[in-house]
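Participant: Here you go, one structure.
Coordinate-derived values only; no laboratory data. Everything numeric here is computed off the predicted structure, so don't read it as measured data. Here Cβ is always computed from backbone atoms with ideal geometry, including for glycine, and neighbour counts include all displayed protein chains.
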Amino acid sequence: MRVCNLSSGSDGNLTYIECGETKVLIDDGLSLKETTKRLCLLGVSPVEINAVLVTHEHTDHIKGIDNLCSKYNIPVYVHKDGLISLKSKITKNIKIIPFDDFDFEIGNLGVQSFAIPHDVERCSGYNLYENNKKISILTDLGHTTTEIVNNLAGSTLVYLEANHDVNLLMNNPKYPYSLKKRILGNFGHLSNESSAKVIYQLLQNGTKQIVLSHLSKENNSPNTAYEQVVNYLQNRGVEEGVHIKIDVATTNPGAIFKL
Ligand SMILES: [Zn+2]
Ligand SMILES: [Zn+2]
């Protein structure tokens, strides 16, 4: 399995997952030109992509889908509860395949989706499998539940939202109160501190690598997110680089993980 986040955050999300001959994207919130350029860094042409799995229909996750999927005839997979919302945002003739709550396969890749709390009809977190290898992606969620954390058990690599520092957000003069309320709410975005709490739990369940994802440009920075999470763990006897590895996804292509 080869995995690489090619862009993360409100400017556009794009993650590449390769499983033998099977090549899949999670979301595509970049332009066709930028998506093509970034895939090229991995030695991959868009023509090789077998599917795009959509988390939800917010623009930063689907902006590139129309052009990419119509040009290369790539099917788009979305949970059935998010189908109507996604269709309302798609203008080109592309193939959309709805899935339900059952696991399914795309080529060599096993796919399990689960609902995460965000301000849309359906936002999907994903567990992706190749034989006994498991990785997870979950961004755009207002809070976590025991069920969500349990879903991630055994995932060696987890892309997890660390959207904002609560103080930076609360004191940001550019954000109206209603927006702050939305982001901090149960269906908004996960703070650095909430993310750290989840990571501490994941540690007990076999996770070796975390990539902090979907950082706010305004209310966070890679250093802030990293330091807050690492400090939280350190205070509980967990050393970054020893017990767990923490990376940060940015708007630029990130590390390539081979599992
Ligand atoms: Zn988003
Ligand atoms: Zn969203």
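Participant: Pick from the stretch 53-73 the residues that are surrounded by 22 or more Cβ atoms within 10 Å (Cβ to Cβ) and more than 16 Å from ligand 2 (Cβ to nearest atom): which of them is farthest from A255 (Cα to Cα)?
Facilitator: By that ranking, first place goes to C69.
Participant: Is it the case that some residue within the stretch 19-32 is surrounded by fewer than 23 Cβ atoms within 10 Å (Cβ to Cβ), touching a residue at least 60 places away in the same chain (Cβ under 8 Å) and within 16 Å of ligand 1 (Cβ to nearest atom)?
Facilitator: no
Participant: Could you tell me which of the residues L138, L179, L190 is buried (at least 21 other Cβ atoms within 10 Å of the Cβ), within 16 Å of ligand 2 (Cβ to nearest atom) and free of Cβ contacts under 8 Å to residues at least 24 places away in the same chain?
Facilitator: L138
Participant: I'd like to check which helices (runs of 4 or more DSSP H) are fully inside the stretch 143-257 and have at least 2 residues that are over 26 Å from N127 (Cβ atoms).
Facilitator: The qualifying helices (runs of 4 or more DSSP H) are 166-170, 177-184, 222-234.
Participant: If we keep just the residues of the stretch 106-121 that are more than 15 Å from the chain's Cα centre (by Cα) and within 14 Å of ligand 2 (Cβ to nearest atom), which is farthest from S85 (Cα to Cα)?
Facilitator: Among those that are more than 15 Å from the chain's Cα centre (by Cα) and within 14 Å of ligand 2 (Cβ to nearest atom), it is D119.
Participant: Take the stretch 194-225 and flag every residue that is surrounded by 14 or more Cβ atoms within 10 Å (Cβ to Cβ) and in contact with an Asp or Glu (Cβ under 8 Å, 6 or more places away or on another chain).
Facilitator: Hits for the stretch 194-225 are S195, Q209, I210, V211, L212, S213, H214, N219, N220, T224, A225.
Participant: Restricting attention to the stretch 45-65, and to residues there that are more than 15 Å from ligand 1 (Cβ to nearest atom) and touching a helix residue (DSSP H, G or I) at 6+ places or on another chain (Cβ under 9 Å), which single residue is nearest to I90 (Cα to Cα)?
Facilitator: By that ranking, first place goes to V52.
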